[in-house]
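Each remark here refers to the structure printed beneath this line.
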Amino acid sequence: MAVTEATGRDGPDFSALPEGCIANVVSFTSPPDACRIASVSPVFKLACDSDVVWASFLPADCRSMASQSASSMKELYFSLCDHPVLICDGKMSLSLDRHSGKKCIMLSARALSITWGDTSRYWSWNHSPISRFAEVAELIRVCWLEIRGTISSCMLSPGTLYAAYLVFDASTSEGFELRPIEVGAGFAGAEVGKQERAAYVSRAMTARFGFQGRSPWFASAWLELCENGNFPKERRDGWSEIELGEFLTKDGEDGEVEMLFKETNGGNWKSGLVVEGIEIRPKDRK
């Protein structure tokens, strides 16, 4: 949205409008638009920085946090973008997507259902200095790996395409080479949204197994998979993530969203995977 002052030329002088009127108009735009419009003039900056504008970008249940942690709605908005807040007794975190103001929720490892997670010979629970949560789950050794998460869609922003991501560290993991992981995300009972697909925790096949003795077709197929497959991506917070799936929340509708990360078919032992949780955030449409 482009707004210009008509100074020294024919046309309306928008800067002559009352500050409240400008603020009401800007509140129907987006956070990036408000930041751009603020550069038009001092009057526009005052309007664009007002609580009227930034309260409209905040989810309704976040606005009451202003007096507790920020001096203005704009300060609160960007604080929630950059610094997730722990909720639900510290088992989840809440933050905002910087571009849209939509809610981002992370379920901690303690909020997930991890098969054998409470059995100390298979999983251990430790503190990590780079985690936002008190504990992370570290895989000691299992052949049946299954992690599930659920969340009510009423905790998320309506009318939003979301994606779910397992957040983990696999730097010392073993047993994931060449192993497709079954992943999925969607509303309980929905066939389309919960379609499961394969993901890969490790690209280390060449280092551990090599291509020696394998056909050229195998090498070509693996290299194509490494190029186009669902592999982990590094995050800015020091963890890695892998997409589990996506789903669409709708206005006025509530339901339970289920998420899955599972490898039980190979029969091989796996170890070393450290799980921080599952993050649900608006899908990047780029």
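The values are calculated or read from the model by the stated rules, or taken from the named source; none is laboratory data. These numbers come from a predicted model, not from an experiment. Cβ coordinates were reconstructed from backbone atoms using ideal geometry, including for glycine residues, and neighbour counts include every protein chain displayed. With ligands, DNA and RNA removed, areas are computed over all heavy atoms of the protein, side chains included. Shrake-Rupley method; radii C 1.70, N 1.55, O 1.52, S 1.80 Å.
Per residue, the convex hull around the alpha carbon atoms of segment 90-133 comes to 90 Å³. When a 1.4 Å probe is rolled over the protein heavy atoms, the share of accessible surface on segment 82-126 that falls to carbon and sulfur comes to 48 percent. Full extension of the chain between Ser124 and Ala70 yields a length gain of 15.7 nm, computed as 0.36 nm times the residue separation minus the alpha carbon distance. Net charge of the neighbourhood of Trp116, taken over other residues with C-beta under 14 Å away and scored Lys/Arg +1, Asp/Glu -1, is +1.
Taking R0 as 41 Å, what FRET efficiency do you get between Thr150 and Leu46 from their Cβ-Cβ distance, rounded to the nearest 0.05? Calculated transfer efficiency: 0.35. Grab every C-alpha pair in segment 84-191, bin the distances at 10 angstrom width from 0 up to the longest one, and report whole percents. Spelled out bin by bin, segment 84-191 gives 11, 40, 34, 14, 0 percent.
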